[in-house]
1. Would you confirm whether or not segment 46-56 contains a residue that is crowded, with 21+ Cβ neighbours inside 10 Å and under 21 Å from residue 131 (Cα atoms)?
2. Could you check segment 75-85 and list, in sequence order, the residues that are β-branched (Val, Ile, Thr) and crowded, with 21+ Cβ neighbours inside 10 Å?
3. Checking residue 261 against (1) in a helix (DSSP H, G or I); (2) surrounded by fewer than 18 Cβ atoms within 10 Å (Cβ to Cβ), only one condition comes out false. Which one?
4. Residue 99: surrounded by fewer than 23 Cβ atoms within 10 Å (Cβ to Cβ) and at pLDDT 95 or above, yes or no?
5. Select, from 249, 227, 266, the only residue that is assigned to a helix (DSSP H, G or I) and surrounded by 14 or more Cβ atoms within 10 Å (Cβ to Cβ).
6. Spot the failing condition for residue 59; the list is (1) outside any helix (DSSP H, G or I); (2) in contact with a Cys (Cβ under 8 Å, 6 or more places away or on another chain), and only one is missed.
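The values are calculated or read from the model by the stated rules, or taken from the named source; none is laboratory data. If you're wondering where the values come from, they're calculated on a predicted model, not measured in any experiment. Virtual Cβ from ideal backbone geometry, glycine too; neighbours counted across all protein chains shown.
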Amino acid sequence: MAALRDVTRYRQLAILTTVGVCLLTVAGGIVRLTGSGLGCDDWPNCNSERFVDVSSGHAAIEQVNRLLSGVIGVPTLLLAISAFRVRPRVIGLRWPAIGVLVSVLANGVVGGVAVRTDLHPALVQSHFLLAMVSVAFGIVAVHRSSSSASQARRTTSWRSRPGQLTAVLASLTAVALVTGTVVTGTGPHAGEQDVRRFGFDISNVARIHSATVITALAVAGLLAWTLRNVADSEAGVRAALSGWIFVGLLQSAVGYTQYFNGVPELLVATHIALATGLWVMTMRLLLMTLETPQSECNTKMMVPSAARV
């Protein structure tokens with residue numbers, strides 16, 4: 001019972017941390033979209049005179065974002081501590097918790113350096129991508145804690161066609177996130193006026209980003225076709241994939257709409273929120289597809305042999 005309580009506490013902290021990082025990601029986007037990136041032009045102080053300063057709207061927005069970062073650091077630290085307190089030890093709980101902690105701390109440093117370098121686009125890009133790394137570790141922590149009781153009976157089906165396609169889909173989604181941040185670093189929403197931007201042609205980088213998204217959607221469609229006749233035990237995977245395709249199409253529609261309408265702030269904020277949600281769904285789909293109960297995996301491996309007979 002004590003071990004069950006430990007794992008339950010770990011899972012609760014993992015969910016809280018992951019949700020918190022997602023909210024912080026969207027909040028960071030709001031800071032940039034409102035031009036408040038240098039509302040506090042020093043770090044860790046708000047400015048050279050005050051640690052906390054809400055004397056202007058931009059400073060207040062950035063200050064709230066920093067406060068939120070500190071609040072989210074608490075469950076992140078508790079999650080890492082909790083991972084070492086589970087008794088008996090459950091394999092696979094420690095490394096994602098440590099990964100979340102390290103990536104969140106690293107992102108705090110990157111954020112501080114970004115402010116001190118006047119929002120260099122490469123650092124702003126890294127700020128978002130590191131948050132996605134934290135989300136990925138968080139989703140792994142949630143997944144591992146939910147299936148820890150049967151972990152010893154599970155195997156990773158990397159060699160199955162659904163597993164391979166899902167891995168490709170996750171990779172393409174990650175590439176789409178990277179190319180999306182390049183578009184952001186080239187576009188008008190820099191977080192502050194007159195700061196450095198990438199010197200790319202916005203049309204070209206937008207086309208590259210669009211191509212990665214379309215490719216990811218095509219792979220998702222192929223995965224859906226592959227899963228059409230799988231066993232009922234994979235119904236959860238099919239449902240997760242259906243949700244991914246819906247959000248992916250919605251995200252694409254928002255992306256095209258914002259591009260052809262001068263990238264209004266509200267649509268860009270929606271785009272950031274959907275991108276974060278899509279990454280959460282991608283990681284869940286990847287873990288659900290790759291980790292299959294041992295008995296199911298053996299059954300699937302036997303089916304082709306029976307068919308040949």
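1. No; the residues of segment 46-56 include none that is crowded, with 21+ Cβ neighbours inside 10 Å and under 21 Å from residue 131 (Cα atoms).
2. Residue satisfying the conditions is 76 alone.
3. With (1) in a helix (DSSP H, G or I); (2) surrounded by fewer than 18 Cβ atoms within 10 Å (Cβ to Cβ) applied to residue 261, the lone miss is (1).
4. The answer is yes for residue 99.
5. Of 249, 227, 266, the one residue that is assigned to a helix (DSSP H, G or I) and surrounded by 14 or more Cβ atoms within 10 Å (Cβ to Cβ) is 227.
6. The single condition residue 59 does not satisfy is (1).
Per-residue answers, yes or no, for (1) among the aromatic types (Phe, Trp, Tyr); (2) free of Cβ contacts under 8 Å to residues at least 12 places away in the same chain; (3) not assigned by TED's automatic domain parsing to the domain that holds residue 24:
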| position | (1), (2), (3) |
| --- | --- |
| 57 | no, no, no |
| 61 | no, no, no |
| 67 | no, yes, no |
| 97 | no, no, no |
| 107 | no, no, no |
| 118 | no, no, no |
| 122 | no, no, no |
| 137 | yes, no, no |
| 140 | no, no, no |
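Okay, residues lined up against (1) assigned to a loop (DSSP other than H, G, I, E, B); (2) touching an Asp or Glu at 6+ places or on another chain (Cβ under 7 Å); (3) at positive phi:
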| site | (1), (2), (3) |
| --- | --- |
| 17 | no, no, no |
| 35 | yes, yes, yes |
| 44 | yes, no, no |
| 47 | yes, yes, no |
| 50 | yes, no, no |
| 81 | no, no, no |
